[in-house]
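Taking it in order: structure first as structure tokens, then the write-up.
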Amino acid sequence: MQKVSFIVGGNKLAACIFFPENPKEKNPAILFVHGWTSAMERSFQYAEKLSKLGYICFLFDMRGHGQSEGDIKIFTIKEFLDDVLTAYDFLLNIEVVDKENISAVGSSFGGYLVTLLSEKRKLKNLALRVPADYKNEDFDKSKYEYSGAENLEIVAWRKKVKKPNDTFALSAISKFDGEVLIIESEKDTIVPHETILNYINAVKNKQKLTHRVMKDAPHSIKEGKFRDEVTKILEEWFSKKL
């Protein structure tokens, strides 16, 4: 693992790269984006396994998270998306990365962000674990004030059926032409089944969609059986993309 950093909006963001043991001249790559109030280290287990398959894995802490600079209370969703865009561009410029074969893995808020990323940058595959969704009108507001976990109004809003043009994320995934993996947690109280269905229904080519439901799993998963299950799902899915 190689530690690196980059600057976004005057904030220094911590990042790290997992390289394959024997990298080729050009290697497929995966960008990992963590969830709200989470950190990149929670995906280390996934990155270690996928790098052994031959992927270059790039992880980072969004501003105000983990080891990165910034006050988490003041940033908007748009600014967090800027973090993701800059992280993608950093990954793209790593010399041994195959620029035509970059995928993204996002969890919860990170799932929402990488879905938006797919409309602004070239991605081959999207893996979304419990992807959240947000109202378009909240895009330029403080994310801290509109956190889904604490905001009952947002939780209720997520239970409503939506069309692909109703939110930025659903619109983006409806236009995405690559392979899509959606991992759902059966006992999720933050991203309900209805939100997952909205994402599923927005994917136009269902032959490119894989949907997995983790039985008894909550929204936030700790080290142990559920994280091991996610690792296995990702390993099996990405091994077929090589």
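Which ³J(HN,Hα) values, rounded to whole Hz and listed in residue order, are derived for the range 123-135 from phi using the Karplus coefficients 6.51, -1.76 and 1.60 in 6.51 cos²θ - 1.76 cosθ + 1.60 with θ = phi - 60°, glycine and proline given as x?
Listing the rounded values in order: 10, 8, 9, 10, 10, 10, 9, 6, x, 7, 9, 9, 5 Hz.
How large, in percent, is the carbon and sulfur part of the accessible surface of the range 149-212 at a probe radius of 1.4 Å? Before the final figure, lay out each step's value.
Details: 1720 of 3420 Å².
The value for the range 149-212 is 50 percent carbon and sulfur by accessible area.
What does the charge add up to near F75, with Lys and Arg as +1, Asp and Glu as -1, over the other residues with Cβ less than 12 Å from its Cβ? Write out the running numbers ahead of the final one.
Numbers: positive: R63, K73, K78, K141, K143; negative: E69, D71, E79, D82, D83, D140, E145.
So the surrounding residues net to -2.
Give me, ordered by chain and number, the residues 5 or more places off M214 or on other chains with an amide H under 5 Å from its own placed amide H.
For M214, the qualifying residues are E184, S185, E186.
Could you state how much accessible area E69 has, in square angstrom rounded to the nearest 10, with a 1.4 Å probe and all protein chains kept in place?
Only protein atoms counted, so the area is about 90 Å².
Given a cut-off of under 8 Å on Cα pairs at least six residues apart, what relative contact order in percent is computed for the range 1-122? Kindly include the intermediate steps, with their values, before the conclusion.
Values: 227 pairs, mean separation 38.7, N = 122.
Value for the range 1-122: 32 percent.
7 Å from Cα along Cα→Cβ at both T189 and E25: what's the point-to-point distance in nm?
Simple spin-label model gives 5.5 nm for this pair.
Tell me, what is the percent relative contact order of the chain, built from C-alpha pairs under 8 Å that lie six or more residues apart?
Values: 479 pairs, mean separation 41.5, N = 242.
Across the chain, relative contact order equals 17 percent.
Divide by every residue of the chain the summed helix terms, -39500 (n - 2.57) for each DSSP H run of at least 4, and state the resulting mean residue ellipticity at 222 nm, rounded to the nearest 500 deg cm²/dmol. Working shown, then result.
Working: 7 runs with 77 residues, N = 242.
Calculated mean residue ellipticity at 222 nm is -9500 deg cm²/dmol.
Measuring with a 1.4 Å probe in the full set of protein chains, what accessible area per residue, in whole Å², belongs to the range 23-67? List each step's numbers first, then the result.
Numbers: 1710 Å² over 45 residues.
Result: 38 Å² of accessible area for each residue.
Counting Lys +1, Arg +1, Asp -1, Glu -1, what net charge surrounds G178 among other residues with beta carbon under 11 Å of its beta carbon?
Working: positive: K122, K124, K175, K208, K241; negative: D177, E179.
Combined, the nearby Lys, Arg, Asp and Glu give +3.
Where does the charge balance sit around K187 when Lys and Arg score +1, Asp and Glu -1, over other residues with C-beta under 11 Å from its C-beta?
-3
For N205 paired with K3, estimate the spin-label separation in nm (one decimal), with each label point 7 Å from Cα along the Cα-to-Cβ line.
Distance between the two pseudo-spin positions: 4.2 nm.
Rounded to whole Å, give me the distance from the Cα center of the range 2-33 to that of the range 127-192.
26 Å
Rank-order 35-46, 87-98 by packing density, defined as the average count of other C-beta atoms within 10 Å over each peptide's residues, highest first.
Details: 35-46: 20.4, 87-98: 16.2.
For the peptides 35-46, 87-98, the packing ranking is 35-46, 87-98.
Please calculate how many Å² of accessible area the range 75-137 carries per residue, with a 1.4 Å probe and no DNA, RNA or ligand atoms counted.
Details: 1930 Å² over 63 residues.
That works out to 31 Å² for each residue.
On the protein heavy atoms, probe 1.4 angstrom, tell me the percent of accessible surface of the range 89-132 carried by carbon and sulfur. Provide the component values of the computation, followed by the final result.
Numbers: 660 of 1400 Å².
Its accessible area is 47 percent carbon and sulfur atoms.
Using a simple charge model, +1 on the beta-carbon of Lys and Arg, -1 on the beta-carbon of Asp and Glu, nothing else, what dipole does the chain show about its Cα centre, in debye to the nearest 20?
Working: 37 positive and 35 negative charges, 130 e Å.
Taking the Cα centre of the chain as origin, the dipole is about 620 debye.
Can you work out ³J(HN,Hα) from phi for every residue in the range 160-167, in order, using Karplus 6.51 cos²θ - 1.76 cosθ + 1.60 and θ = phi - 60°, giving whole Hz and x for Gly and Pro?
Coupling constants for the range 160-167: 8, 5, 10, 8, x, 8, 7, 9 Hz.
For the range 114-242, give me the percentage of DSSP beta bridges that are antiparallel, rounded to the nearest 5 percent. List each step's numbers first, then the result.
Numbers: 0 of 11 bridges.
Beta bridges within the range 114-242, antiparallel portion: roughly 0 percent.
The values are calculated or read from the model by the stated rules, or taken from the named source; none is laboratory data. None of the values given here were measured: they were computed from a predicted structure. Backbone-built Cβ (ideal geometry, glycine too); neighbour counts: all protein chains shown. Surface areas here come from the heavy atoms of the whole protein model, side chains and all, with no ligands, DNA or RNA. Shrake-Rupley method; radii C 1.70, N 1.55, O 1.52, S 1.80 Å.
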